[in-house]
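Below is one structure, written out as structure tokens, with a few remarks after it.
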Amino acid sequence: MGSDPAEMAAAAIKMIEQGKQRSNKEYRKLAEQEPSAIRHQPSGEEGESHGLMADGRSPMASPLGFAAIDINLACPVKKISKKSRGGHWLREPEGAIEILKAVREAVPASVPVTVKMRRSFDDTEEMRQNFLYLFDAAYDLGCAWVVVHGRTVEQKYVGPSRWDPLKALVDRNPERIIMGSGDVWDVNQIFRMIAYTGLSGVSVARGCIGNPWIFRQARDLLEGREPRDPTIEEQRAVLEQHFELALAVNKNFRDPELHTAKNMRKFGIKFAAHHPQAQEVKKSFIYVKSLDDWRVALDEWYAC
Ligand SMILES: Cc1cc2nc3c(=O)[nH]c(=O)nc-3n(C[C@H](O)[C@H](O)[C@H](O)COP(=O)(O)O)c2cc1C
């Protein structure tokens, strides 16, 4: 997410190169150049082979860092220094198009560039037209798909995500890959949304916080099985791993463990919903201050 095409292109390059091919200073210098000069430099080991996996299922992440670059034209958080970013680009579509172009051209063709959008800035006709203009431009510029959140930017998270505009979008563009987003809280809603709208796929957001098993359940349903709830053992393993990974990400904070513990409390509370004694379990996560505290709570409630 950002405001400047050159910065966005340099950031995309840094992500796919995983910061391995240049120093931070060089990436910053890159961001000062004209977007047309910003290009990924393949390393020797990459060769020509990156792209689809051998079985053709999905883009290959390795040796590049990420399988795709997703441009955020959806975030409703307000402008910084009067500059557009995220969903605010819907009011200035030409600026967003410069970003899409700069990023798409900087990243190798084998790495899909995708876009996230809100269905409009607000409910005025002008903004609906802006949305369609930007949506069409994304595909024309070579973006692989757009994920559309069925709320307006102005709505932030208030009120429902509307499925009708998503359905209308699919009806208008049956040949395009279009994904939907908004208010998917359980696995059945994924399939209800697809059945109603005809979307190619659904992006799960808040519904997977504390419930990563929603994806396994979706696969269960696709394969004709009953969706499996997580066992206590599985819950424990994920709760422990989540803390450890968060700690690794937070390693540069002054007190990484305390910072992580405070941040993890809300996730523990979400995860507790799967436990038969949810209320008591929630309470045990509220005061954790360290990985040891976290493990004490897990030993008490998630011992197998
Ligand atoms: C904490 C949080 C962080 C998010 N970060 C991003 C983001 O980085 N990129 C993006 O495209 N959408 C982001 N979103 C929006 C979600 O992808 C999604 O469109 C939105 O939450 C609506 O879906 P939901 O109602 O199922 O949560 C974020 C949402 C939340 C709650």
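I'd like the FRET efficiency for ASP122 and SER81, computed as 1/(1 + (r/R0)^6) with the beta carbon distance as r and R0 of 25 Å, rounded to 0.05. Write out the running numbers ahead of the final one.
Working: r = 23 Å, r/R0 = 0.90.
For ASP122 and SER81, the calculated efficiency is 0.65.
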*In whole percent, what relative contact order does the stretch 5-222 give with Cα contacts below 8 Å and a gap of six or more residues?*
15
*Sorted by packing (mean other beta-carbon atoms within 10 Å per residue), highest first, where do 31-41, 201-211 land?*
201-211, 31-41
_Spin-label pair MET15/CYS208, simplified geometry with 7 Å Cα→Cβ offset, distance in nm_ = 1.5
*Using a 1.4 angstrom probe on the protein heavy atoms only, line up TRP185, TRP213 by accessible area, largest first.*
TRP185, TRP213
*What is the distance, in nm, between label points placed 7 Å from the Cα along the Cα-to-Cβ direction at ASN263 and at SER290?*
2.0
*Can you list the lysines whose alpha carbon is less than 20 Å from that of LYS82, not counting same-chain residues fewer than 8 positions off?*
LYS156
*Would you be so kind as to identify which of ALA168, CYS304, GLN129 lies farthest towards the positive end of the dipole of the chain, taking Lys and Arg as +1 and Asp and Glu as -1 on Cβ and the Cα centre as origin?*
GLN129
*When only C-alpha pairs under 8 Å and at least 6 residues apart count, what is the relative contact order of the stretch 157-304, in percent?*
18
_Cβ-Cβ FRET estimate between ASP299 and LYS270, R0 fixed at 25 Å, reported to 0.05_ = 0.80
_Length gained when the stretch ILE177-ARG91 is fully extended (0.36 nm per residue, less Cα-Cα span)_ = 28.5 nm
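Assuming R0 = 25 Å, what is the FRET efficiency of GLN129 and SER36, from their Cβ-Cβ distance, to the nearest 0.05?
The value I calculate is 0.30.
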*Find how many whole Å separate the alpha carbon centroid of the stretch 273-304 from the alpha carbon centroid of the stretch 82-104.*
44
_Å² per residue, accessible surface of the stretch 5-222 at 1.4 Å_ = 51
*At a Cα cut-off below 17 Å, give the lysines reachable from LYS20, other chains included and same-chain residues fewer than 8 away excluded.*
LYS29
*asked:* With an 8 Å Cα cut-off and a minimum separation of 6 or more residues, compute the relative contact order for the stretch 232-301 in percent.
replied: 33
_Restricting to lysines 8 or more places apart or on different chains, can you count the pairs in the stretch 232-301 with Cα atoms under 16 Å from each other?_
11
*Backbone N under 11 Å from the ASP255 label point (7 Å along Cα→Cβ), restricted to the stretch 286-303*: 289-290
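The values are calculated or read from the model by the stated rules, or taken from the named source; none is laboratory data. Quick caveat: nothing in here was measured; it's all calculated off a predicted structure. In this analysis, Cβ positions are derived from the backbone assuming ideal geometry, glycine residues included, and neighbour counts consider all displayed protein chains. Note: accessible area is taken over every heavy atom of the protein model, side chains too, but ligands, DNA and RNA are not part of it. Shrake-Rupley method; radii C 1.70, N 1.55, O 1.52, S 1.80 Å.
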